[in-house]
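Beneath this line is the structure, given in structure tokens, with notes to follow.
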Amino acid sequence: TGLKYGLEQLSPVDDAGRFTSEAGEFEGLDVLGDGNAAVIDALSSAGALLHEEAYVHKYPYDWRTKKPTIFRSTAQWFASVDNFRDEAMQAIEDVRWTPEFGKNRIGSMTASRADWCISRQRTWGVPIPVFYHKETGEALMTRETIQHIQDLVALEGSDAWWTHDVADLLPESLRAEAGDWVKG
């Protein structure tokens, strides 16, 4: 929605939940900890805090870690479901689901989505085998890089992505440039 109205994409929180340099004086502070209090203090000192009170409300928590979730604006990868919807719906029918309600849940999501976000900011599971250039943000994902990662995963399992450094994950032809890239 923000992009639709030409708003600047701002994400002043890093992967560790700390304010970035975009947040000025709050840089490095934990968003859900001392950062929150510092922002309230700054607003109050500037006479810009209209009201403050304790309020109990629902807040999203990660189902695996049981820790609070912070929503951030980040780049994502999407797959157009239109190109494989029929095959996906058939595959859903062919699976024996336990628990059974999972079939209806994934089936309704697949039937109604035009695009599916296939990227996640996780440190587990099967990753998207992409590298990003440290300076330009350019994505690197070629047949050669994918094949090399597939070969590693076949030998070591999906943890290979998480346990190897970039130099190991890049094919021989790109290893000299490993310092220029980060894992996606």
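Each reported figure results from applying straightforward, stated rules to the coordinates on display, with no laboratory input. Here the structure is a predicted model, which is why all the values come from computation and not from measurement. No Cβ is skipped: glycine too gets one built from the backbone with ideal geometry, and neighbour counts run over all protein chains shown.
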Just from its helices, what would the mean residue ellipticity at 222 nm be for the chain, if runs of 4 or more DSSP H residues each count -39500 (n - 2.57) and the sum is divided by every residue, rounded to the nearest 500 deg cm²/dmol?
-8500 deg cm²/dmol
For q values of 0.14, 0.16, 0.34 Å⁻¹, compute log₁₀ I(q)/I(0) with the Debye formula on a Cα-only model of region 78-117, without solvent.
-0.29, -0.37, -1.14
Distance in Å, no decimals, from the C-alpha centre of region 142-184 to the one of region 83-115 is 31
Test of understanding: extend the Cα→C-beta vector of T20 to 7 Å, then name every residue of region 63-100 with backbone N under 18 Å from that spot.
70-77
Report, ordered by chain and residue number, the aspartates and glutamates lying within cross-link reach of K103, taken as a straight Cα distance under 14 Å and ignoring same-chain residues fewer than 8 apart.
E93, D94
Relative compactness, the chain, computed as alpha-carbon Rg over 2.2 N^0.38 Å
1.33
Between helix 85-94 and the chain: long-axis angle, C-alpha atoms, 0 to 90°, nearest 10
70
Quick one: angle between helix 143-156 and the longest Cα principal axis of the chain, in degrees between 0 and 90, rounded to 10, please.
90
Sequence-distant lysines (8 or more away, or on other chains) whose Cα lies within less than 30 Å of K4:
K58, K134, K183
Amide H neighbours of R18 at under 5 Å, excluding residues fewer than 5 places away on the same chain, with H built from the backbone geometry, are V31
Determine the principal axes of the Cα atoms in region 131-183, then give the extent along each, sorted from largest to smallest and rounded to whole angstroms.
31, 20, 17
Pulled fully out, how much extra length does the chain show between K58 and A38, if you take 0.36 nm times their separation in residues and subtract their Cα-Cα distance?
4.9 nm
